[in-house]
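See below for the structure under consideration.
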Amino acid sequence: MSENATFPGDKIASIEEYEAGHNTFDDGDMVRAATVGEKDINKETRIANIKHPKLLSIPQVGDIIIGTVAAVMSSMIAVSIDYINGKPTTSKVECVCSTRNLRIRNVALVNDIVKLKILNHLNGTIHAAISEPDLGILFTKCRKCGGKVVPMRDAIKCTECAWIDERKLSSDFGNSDFIKLRE
Ligand SMILES: [Zn+2]
């Protein structure tokens with residue numbers, strides 16, 4: 001690896017001097033690498049890029065993303081991003097979303113499909129929000145048997161084993177628009 005090698009989250013330039021280009025993001029202070037790659041600082045255009053064989057799609061603040069829950073921790077979930085503003089992405093960039101203030105057991109399960117809004121890029125991590133009504137789970141299954149679930153007010157009920165559980169559902173839950181997006 002050359003001395004220009006970067007890892008995700010590495011600071012590559014100050015935003016006062018450079019704009020975030022390909023495969024980078026701006027955390028409000030620094031331009032940071034979004035991927036492993038090689039630094040490419042263009043002094044003429046004042047754009048800082050990371051060279052990478054694949055052009056990554058990095059969501060920007062305010063973007064709506066749809067992704068697959070990759071991990072569920074006690075106070076946050078990690079989501080692998082599949083769509084940014086309705087456009088498919090194969091980059092598999094991850095974001096995290098705090099679930100601390102939701103007061104819901106089982107906000108999401110691994111492999112659930114979730115809709116989130118990008119809040120910020122902080123310390124090399126992309127943070128997203130889930131609390132607005134249209135944000136939340138679009139697709140989930142029963143935690144006990146993996147069966148199909150239907151919404152019941154704020155809860156969900158399994159059509160197979162009748163298990164009742166909670167999720168932070170999106171107001172779009174049960175509407176299959178996101179499946180059309182997958183085509
Ligand atoms: Zn069930």
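We did not get these values from a lab; they are worked out from the coordinates using the rules stated. Model, not experiment: these values are computed from the prediction. Glycine also receives a Cβ, built like all others from the backbone with ideal geometry; neighbour counts cover every protein chain displayed.
So how do THR125, THR99 line up by other beta-carbon neighbours within 10 Å, fewest first?
Going from least to most buried by this count: THR125, THR99.
When the chain is treated as a GNM, springs tying every alpha-carbon pair under 10 Å, which of ASP29, ASP63, ASP172 comes out with the largest mean-square fluctuation?
ASP29
Among all the aspartates and glutamates, which ones have a C-alpha under 19 Å from LYS39's C-alpha, if same-chain residues fewer than 8 places away are not counted?
Excluding near neighbours in sequence, the set is GLU3, ASP10, GLU16, GLU17, GLU19, ASP26, ASP27, ASP29.
What whole-number value in cubic angstrom gives the convex hull volume per residue for the C-alpha atoms of segment 74-174?
Roughly 104 Å³ of hull volume per residue.
Between the DSSP loop rule and a limit of at most 13 other Cβ atoms within 10 Å, which trypsin sites (Lys or Arg not before Pro) in segment 36-67 are left?
Counting only loop positions with at most 13 other Cβ atoms within 10 Å, the trypsin sites (Lys or Arg not before Pro) in segment 36-67 are LYS43, ARG46, LYS54.
Which residue fluctuates most in the GNM of the chain (Cα springs below 10 Å): ASN111, ASN23, ASN101?
ASN101
Need the C-alpha centroid separation for segment 105-153 versus segment 30-63, integer Å.
Centre-to-centre distance over Cα atoms comes out at 28 Å.
For PHE7, PHE173, PHE139, PHE25, what's the fewest-to-most ordering of other Cβ within 10 Å of each Cβ?
Final ranking by Cβ density, sparse to dense: PHE7, PHE139, PHE173, PHE25.
Set the bar at 23 Å for Cα to Cα. Now go through LYS54/LYS92; LYS11/LYS87; LYS11/LYS92; LYS54/LYS87; LYS117/LYS168 and name every pair that lies beyond it.
Over 23 Å Cα-Cα: LYS11/LYS87.
When you take every Cα atom in segment 1-128, what is the radius of gyration, and what is Dmax, the widest Cα pair distance, in Å?
In order Rg, Dmax, the Cα atoms of segment 1-128 give 15.4, 52 Å.
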